[in-house]
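The values are calculated or read from the model by the stated rules, or taken from the named source; none is laboratory data. In this text the structure is predicted, and so the values were computed from the model without any measurement. Reconstructed Cβ throughout: ideal geometry from the backbone, glycine too, with neighbour counts over all protein chains shown. Side chains are part of the model used for accessible areas, which takes the heavy atoms of the whole protein and leaves out ligands, DNA and RNA. Shrake-Rupley method; radii C 1.70, N 1.55, O 1.52, S 1.80 Å.
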Amino acid sequence: MDHKVEERLHDLTAREDYREADRVLGEYLARGGVYDDALAVYDGCIGQHLGDSERAWAAICQGLCFNPENYELYVMLGNYYRNRNLEQSWLCYEYAMTWCGDKERRAMIRETLNKLSRAPVNLAGRLSVVIWCHGSPGSVKPCVESVRGELSRDSRQIVVVMAGPRGESDLQWLKRQDDLILVKMEAGQDLSQVWEKGIAVSWADADCLLMDSGTTVQKHALFWLGMALYSSDKVGTAGSMSSHVTNSRLTGLVKNRAGSVSLKQLARQINVPMRHPEEVLPWTKGAAVLIRRQVLVQAGIPRENFSDGVFMDWDYGRKVKEAGYRNLLCENSFLSYQREDGGHEGAFWGNRQTSGGRVKTRRFLLFYAGNERGYYQDTKHFTEEISRELCRRGHGTFICDLTQGTHDIPALKDYEAAGVDAVITFNGEAIEEKGLWNHWNQLGALVVNILMDPPFHIDLCPYMENPGMEQYLLLCPDENHVEYVKSYFPQVKHVEFMPHGGTPVNGRPIPWKEKPMDLLFCGTYINPEKFLDIMRQNMDPEEFNIYTAMGEQMLQDRGLSVEQVVTKTRLSGNYPLTPGRVDEEIPKMNLLEGWMRMLTRERMVTALVEGGVDLYVLGGGWQDCPCAGKKQFHSLSKETIPFRDTLAWMENAKINLNIMPWFKAGSHDRVFNAMLRESVALTDPSTYFQQYFRDQESIVYYSPKIPDRLPEMARGLLAHPGQKEAIARTGYEKAAAFIRENYVEELLAKVEKCLR
């Protein structure tokens, strides 16, 4: 920055003449002046004092990208968060202390910290770093020194847990370090207690950073990791980025640049301010994981008692969620990890051998019955994807195609002869007969039944219970379904929530501006009156009135699920709903759900078409929709088409409409697949989606309760292509966490837990 301009700005800000300072700054930049971190300090200061917090934030971000060690910018960042988040504000001031060399300024920052410490809230305090020392000799020294370079001595504690034989040079170096605690595990001691041993000697009031000795903390990574953890008191764990993390938008950046630039350069590009750097995930992955002390108290300490560390990731992530906290992946915190072969990757718990054992491979038997054009034809695609991913991970698979009427019996027998660990099926195929139950029991196989529909669907109920199977795991696509099963089918010992997974395209999707269709909906249509006709035929008039009244209630209160409204209604008055009476209600619940699903589809589609929006529909039955003859209505097929073809059509649309099948706390693959094709996902919300996707940032939510607003929303999306292309791009990046690869990883974790 020009020296005279700097002097002028310094004088004006010292006199608190910020409007004149703003004018001088604007003139300087208009003349082509150079913007650097020193100028960013003045720019941010002017923004703060003129009440423009967004300007201040932007200036701080730009300045830190120029010079991430400018302490004044961290002070300003602390000021920015002062009225927003005291934990983050405290962390900013502490980091300013790290880079400030001026004694007077340090004293001023210390006084600010002292004032904050008197606030009646919990503040980000000291940090205990627990390092598991194992792997390549010589790796622990750079690990420890990288931590020292990031955190001041009075705010951090380093604990090193020695597990397994180490080189003499490592041991002697560790003993000479006066700022760390050394914990040695005896030969033959259970390695599952590594973290327990380290945390036991850590500061009792400190949050804990758990990391491997092969990890190198890149500059500023721990600061942004801490900012992620303290972004909300509901965040329980925060994990860092690395080249191994496969479920984040930065994976490509890390992998593509890691070979062309140094790790320090790569970290300089990644470890910078971001507006929303956090991804909420089922579990935390990364080269280091930061855990709140309160989470360690409530959820317990992670234990390495799994053959593959991935299962520990999943297990501890589940415990954190059950304790009421979220797991975050921090996308602006990059750390590197050196493998034993000398290569670099990022890994924390995942894929590490423990207790000298190798990752256990399993043998799976998979079934599908959905043909290319049948009602469940998508399960054929899902089964093939799961099998392909299992094989890629080294597991054995055999698919029985029930659509052919017969399958290769000799080949199946040969496969079974070598043992079967688990049977995977969708919607109860291949487990509907007791003879098959006995067969799977004889094989000692775990039966995994993945539901695609609510558990009260009439054709799923007999397969859902299966009390005769010794090992049985039921997976539901909605958390409400799980609660329903637990309440009325107690014989199902293992029932868990399992969200859908998406299928990415090969390569980059068609660019948003080049997509030929504006708006597409993929799904079948059945006239909702048909469900009402069946209800009239199979219910007495009083019951019919009760169920239609429940439907109207659901239309008014979109947060109500079918199982919730039926349970609430039938538990009152003269209709007590007990487990023994569930079977009587299931056919009626099935009809109610079908009526509501199709009525909502009809209303949303009709609202768009009559509102003048061109809408393409793909799926069978739409010729029967009341709006089928309208000019804006375009039917692409009169029958259901193969699922893979559906995915290709979705890629051609700028906006993909989703109408949730009354999964109020669940997912649908249509949303993930739309995002993975870099299309805007326009959907009614569910509590599950709202955990991971922000409205107008990576997704767009509408209210089915007000269908008349949907045409205006669609036109607004199409009228601002730049803004909506950004939503599609962010959705594409976010949806990378929900691809089938990660779905299979979670599926394996659930299977392994049941087989232990």
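Structure data summary
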quantity: Mean separation of Cα contacts under 8 Å (6+ apart) over length of segment 29-138, as relative contact order %; calculated: 18
quantity: Whole-Hz ³J(HN,Hα) from phi, Karplus 6.51 cos²θ - 1.76 cosθ + 1.60, for segment 14-25, glycine and proline x; calculated: 5, 8, 6, 9, 6, 5, 5, 4, 5, 5, 4, 4
quantity: In Å², nearest 10: area of R148 left accessible to a 1.4 Å probe; calculated: 60
quantity: Amide proton proximity set for T397, modelled H, under 5 Å, gap of 5+; calculated: F364
quantity: Gain in span if fully extended, D614 to V297, counting 0.36 nm per residue against the direct Cα distance; calculated: 108.6 nm
quantity: Label point distance in nm, K360-E514, each placed 7 Å from Cα along Cα→Cβ; calculated: 4.8
quantity: Exposure of S117 as accessible area (Å², to 10), given a probe of 1.4 Å and all protein chains; calculated: 70
quantity: Peptides ranked, highest mean first, by Cβ atoms within 10 Å: ranges 479-490, 503-514; calculated: 479-490, 503-514
quantity: Euclidean distance between Cα centres, segment 1-52 to segment 594-621, Å; calculated: 55
quantity: Efficiency of FRET between N438 and D708 - r from beta-carbon atoms, R0 41 angstrom, step 0.05; calculated: 0.15
quantity: Inter-probe distance in nm under a simple model that places probes 7 Å from Cα toward Cβ, at S152 and T569; calculated: 6.4
quantity: Nearest-10 value in Å² for the accessible area of D315, using the 1.4 Å probe; calculated: 20
quantity: Accessible area in the full protein assembly, largest first, 1.4 Å probe, for K530, K493; calculated: K493, K530
quantity: Distance between modelled label sites at L182 and Q265, nm, 7 Å Cα→Cβ extension; calculated: 3.8
quantity: Top positive-direction residue, dipole computed over segment 1-122 with Cβ charges, set L9, L116, V75; calculated: L116
quantity: Efficiency of FRET between T687 and Q632 - r from beta-carbon atoms, R0 56 angstrom, step 0.05; calculated: 0.95
quantity: Mean-position separation - Cα centroids, segment 699-756 and segment 672-696, in angstrom; calculated: 2
quantity: FRET E, pair E168, E697, Förster distance 51 Å, beta-carbon r, rounded to 0.05; calculated: 0.45
quantity: Sequence of R118, R293, R536 when ordered by accessible area, the most exposed leading, probe 1.4 angstrom; calculated: R118, R536, R293
quantity: Partners for K234 among lysines (Cα-Cα distance below 28 Å; same-chain residues under 8 apart left out); calculated: K115, K197, K219, K285, K319, K321, K486, K664, K734, K750, K753
quantity: Debye, to nearest 20: dipole size of segment 442-560, +1 on Lys, Arg Cβ, -1 on Asp, Glu Cβ; calculated: 600
quantity: Vicinal HN-Hα couplings computed from phi for segment 379-384 (Karplus, 6.51 cos²θ - 1.76 cosθ + 1.60; Hz; Gly/Pro x); calculated: 5, 4, 5, 4, 4, 5
